[in-house]
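Novice: Take a look at the following structure, please.
The values are calculated or read from the model by the stated rules, or taken from the named source; none is laboratory data. Since this is a predicted model, take the numbers as computed values, not measurements. For neighbour counting, all protein chains shown are included, and Cβ atoms are generated from backbone atoms with ideal geometry for every residue, glycine included.
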Amino acid sequence: MPPTDASANAGTAPVTDAGTTSLTAHESRIGPAADAGADSEDTLDLHLPDEFVALFAEDTGADGSRSLGATATATATAGQASASATSAVTVEGSGTGSGTGTGACAPETPPASTSPNPDDLLGDVADWGPVNTPAGALHLVPVRIERDLPIISRWMNDPAVTAFWGLAGPENAIEEHLRSQLVGDGRSVPCMGLLEGTPMSYWEIYRADLDPLARHYPARPHDTGVHLLIGGIRDRGRGIGGTLLRAVADLALDKRPACARVVAEPDIRNTPSVAAFLTAGFRFSAEIDLPAKRAALMIRDRSLRHLL
């Protein structure tokens, strides 16, 4: 789960149904002899065609047992197979959860994604690949504890970062934070940001609509959240945060067709962070109270991405 606080100042850029079915009025009034008395003489002699009778003719076995004729049996079997197929399609379709998200997207929204792994809540971030930015090629690579813990720990213990991330401490505490995401249900993916192959930033890409954050703002299905930490001191304070944020936000919109918005919630006091989001094409939506801070809700809309 992403940290409560994620900001991007000069020293850091944490850019942090079931419906019911009821009978219609017409259907509810139809029933066998619903209004007829037991001695009603309004009867109808119905003569079935011979073929229809033959269809449901009973076969008598050698032991005296009775069963449906072969034609009826075949018909019933085919009907059951058809019903099973329909049920399977319905379950599979509802399992993707993309119908609601697609409706939330603006006219530009492409069809909902048909990911081969419907259980992946973020669309295989590991397969998003690199993206070109004015600062160079940026590649988000999911964190590997044994490889990345030392450098992430060093970044998190930088005083300029600690003020907003609040994760300073021994490696085992930071490892716990990372591992909780890596072994979770996939709603948050911690990543290293490689710029031209060099690790220089830490990212958390997460499902904001499935995060506790959703209790504090009017979330929409498939909202994608982003936290960013610029690790290297030489990469801070020169506008690179806004450049990378725009690239990653647009990458998320490109790779997650059901997503209509990318959101973030930097500390309202972190003016450089808010400025970085504005530079990246996010709009300021509202101030929201979170458990550990008052935040600026920043949103990058799919429908406005080519205008901002």
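Novice: TYR206 - would you say it is closer than 22 Å to ILE268 by Cβ and either at pLDDT below 95 or crowded, with 20+ Cβ neighbours inside 10 Å (or both)? Break it down stepwise before answering.
Specialist: Numbers: closer than 22 Å to ILE268 by Cβ: yes; either at pLDDT below 95 or crowded, with 20+ Cβ neighbours inside 10 Å (or both): yes.
For TYR206, the condition - closer than 22 Å to ILE268 by Cβ and either at pLDDT below 95 or crowded, with 20+ Cβ neighbours inside 10 Å (or both) - is met.
Novice: Please note which strands (runs of 3 or more DSSP E) are completely contained in region 126-216 and include at least 1 residues that are under 26 Å from GLU287 (Cα atoms) and touching an Asp or Glu at 6+ places or on another chain (Cβ under 8 Å). Please lay out each step first, then the result.
Specialist: Values: elements: 131-133, 136-142, 188-195, 198-207.
Here the list reads 188-195, 198-207.
Novice: State which residue is farthest from the chain's Cα centre (by Cα) when the search covers only region 200-242 and only residues that are hydroxyl-bearing (Ser, Thr, Tyr) and under 26 Å from PRO257 (Cβ atoms).
Specialist: Once the filter is applied, the top-ranked residue is SER201.
Novice: Are there strands (runs of 3 or more DSSP E) fully within region 223-308 with at least 1 residues that are more than 27 Å from ILE151 (Cα to Cα) and among the hydroxyl-bearing types (Ser, Thr, Tyr)? List them.
Specialist: Filter on region 223-308 gives 283-290.
Novice: Check ALA252, ALA276, ALA292 and return the single one that is more than 22 Å from the chain's Cα centre (by Cα), at pLDDT 95 or above and small (Gly, Ala, Ser). Walk me through how you get there before you give the answer.
Specialist: Numbers: ALA252 fails: more than 22 Å from the chain's Cα centre (by Cα); ALA292 fails: at pLDDT 95 or above.
It is ALA276.
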